[in-house]
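Before any comments, here is the structure.
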C-alpha cells in the first residue's frame, strides 16, 4: 500500500488549461511519475486477470484508437498529449484507459472474482437537509492506486471546466463541472462484456463531464457503441438525478433508474431487468450487502439527509473487510485485494467538493476550493439559476 493510503497524505493536484492536446501534455508532465507507476502496475494486473503480457495488451489497446477518435477526436488528442507529457508511448496510456475493458472482459469469460468497486449516492433537494443536490461515493479499487490518484482540474475553451478525482493518466472518474453536473460511477459486468473495441468506460466518463445538463450527459452515452458495462450516476444542481445502467452496445442497452423519495443509491450490480446475464454479483459478491447497508442508513437518518450523514455512512465496516469502507482482505492474493482508495462528496449547488485521501473511516475529508474553477457560466443555465 502506498504512502497516501497509510498516512492520508493529500493526492497531488494538477491544474491544466488550453486546447485538448495542450491540456493533456500539462497533465502528463505534472503527473509523470504517477502515470508511469500506473502503467507499471497494470502490467501485473493485466497479466493476472487476462493472462496477457504487455505486448498483447498494447495490441489490444491499439484497437480502441479508432472508436475513440470517431466518438470524439479531442479525447484522442488529450490521450496523445498525456503520453507526450509523461514521456510514454501513446499505446501505453491508451492501455491504462481501457483497463476496465481488459479486466472485466476477462472476468466475464472466466466468471471469476474482481476487486470490489464503488458505493455511490445522490440526494435531491427535497430529501437534503439544506435543499441542495448532493452526490458522492467511495471509490474502491486496487491498493496500488493510493500511489497513482490525482485531483485533476481542467479549464476548457470548448466545454465546461471540471474537477475529477482520477488515476493518473486516465481521462476522468468521479467529478463535477462548472455547468452544475456531478458524476459518480460503479463498475458492472455482464456476460456481454467481451472486450470488443468500441468507446471505453473512461472516455465516456470524460464525455459526461463535458455535458451541460442531464440530457446532454445521457446523450453522451447514447451516441456511439459502448465497449463495456458500467453504471453512471448523474446529478445536476437543477435537482435532477438519474442512474444509467449500461450494457455493451448502443442506445438500446441503457437502463434508467430514477430516485425514490429523492434518493439514489447504487453499488456494483444491476437493479434493472436485463436482456443479458448479470455477472456482477458473482464477481463482486459484497455489492448487495453494501447497498443494503446504505439503504438502511438512509432510512434511519432520513427524511432529510446531509453530507455529514454520508461521511459516517461511507465509513461503515459491516461485512468487514468488504464493507462500504473497504479494506484489503488478507485471505486474497495481493492483486485481488480491494481498498477504498478515495471518498468524494459534492454539493452541486455550492460547487464544493470534499475528498478523503484514503480510507474514510480514519482519513479526514478536506475541502477542495473549486469556486474559481467552477464559476464559468453555463451557456444553458436557467434565467433564475442559483449563483451560490
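The values are calculated or read from the model by the stated rules, or taken from the named source; none is laboratory data. A quick note: this is a predicted structure, and the numbers were derived from the prediction, not measured. Cβ placement follows ideal geometry from the backbone for every residue including glycine, while neighbour counts extend to all protein chains displayed.
Examine the range 232-251 for a residue that is touching a helix residue (DSSP H, G or I) at 6+ places or on another chain (Cβ under 8 Å), in a helix (DSSP H, G or I) and surrounded by fewer than 24 Cβ atoms within 10 Å (Cβ to Cβ), and state whether such a residue exists. Looking through the range 232-251, at least one residue is touching a helix residue (DSSP H, G or I) at 6+ places or on another chain (Cβ under 8 Å), in a helix (DSSP H, G or I) and surrounded by fewer than 24 Cβ atoms within 10 Å (Cβ to Cβ). Which ones in the range 271-288 are part of a helix (DSSP H, G or I) and under 18 Å from residue 340 (Cα atoms)? Correct list: 283, 287, 288. State whether the residues of the range 147-155 include one that is part of a helix (DSSP H, G or I) and modelled with pLDDT under 95. Taking every residue of the range 147-155 in turn, none turns out to be part of a helix (DSSP H, G or I) and modelled with pLDDT under 95. Here residue 357 passes the criteria (1) at pLDDT 95 or above; (2) under 21 Å from residue 228 (Cβ atoms); (3) buried (at least 22 other Cβ atoms within 10 Å of the Cβ) except the one numbered (2). Put simply, of 27, 42, 49 the only residue that is at pLDDT below 95, within 21 Å of the chain's Cα centre (by Cα) and part of a helix (DSSP H, G or I) is 49. Taking the criterion of being part of a loop (DSSP other than H, G, I, E, B) and under 16 Å from the mean Cα position of the chain (by Cα), the residues of the range 334-388 that qualify are 338, 357, 358.
Is it the case, given these coordinates, that residue 183 is part of a helix (DSSP H, G or I) and free of Cβ contacts under 8 Å to residues at least 60 places away in the same chain? In short, no. Looking at 274, 240, 313, 291, just one residue is at pLDDT 95 or above and closer than 30 Å to residue 194 by Cβ, and that residue is 291. Scanning the range 2-9 for residues that are buried (at least 21 other Cβ atoms within 10 Å of the Cβ), in contact (Cβ under 8 Å) with a residue 12 or more places away in the chain, closer than 29 Å to residue 221 by Cα and in contact with a helix residue (DSSP H, G or I) (Cβ under 6 Å, 6 or more places away or on another chain) turns up nothing. Residues in the range 115-138: is at least one in contact (Cβ under 8 Å) with a residue 40 or more places away in the chain, touching a helix residue (DSSP H, G or I) at 6+ places or on another chain (Cβ under 7 Å), in a helix (DSSP H, G or I) and closer than 22 Å to residue 41 by Cα? Checking the range 115-138: not a single residue is in contact (Cβ under 8 Å) with a residue 40 or more places away in the chain, touching a helix residue (DSSP H, G or I) at 6+ places or on another chain (Cβ under 7 Å), in a helix (DSSP H, G or I) and closer than 22 Å to residue 41 by Cα.
Applying the selection to the range 61-70, what residues are surrounded by fewer than 21 Cβ atoms within 10 Å (Cβ to Cβ) and assigned to a helix (DSSP H, G or I)?
To start, the set of residues in the range 61-70 that are surrounded by fewer than 21 Cβ atoms within 10 Å (Cβ to Cβ) comprises 62-63, 65-67, 69-70.
Correct list: 62, 65, 66, 67, 69, 70.
Against the condition in a strand (DSSP E or B), under 22 Å from residue 264 (Cβ atoms) and under 20 Å from the mean Cα position of the chain (by Cα), how does residue 172 come out, does it pass? No: the conditions fail for residue 172. Scanning the range 258-270 for residues that are in a strand (DSSP E or B) and more than 18 Å from the chain's Cα centre (by Cα) turns up 260, 263. Evaluating residue 197 against the criteria (1) surrounded by 20 or more Cβ atoms within 10 Å (Cβ to Cβ); (2) assigned to a loop (DSSP other than H, G, I, E, B) leaves one unmet condition, (1). Looking at 337, 352, which is the one that is over 18 Å from residue 139 (Cα atoms) and touching a residue at least 12 places away in the same chain (Cβ under 8 Å)? None of the others qualify; the one that does is 352.
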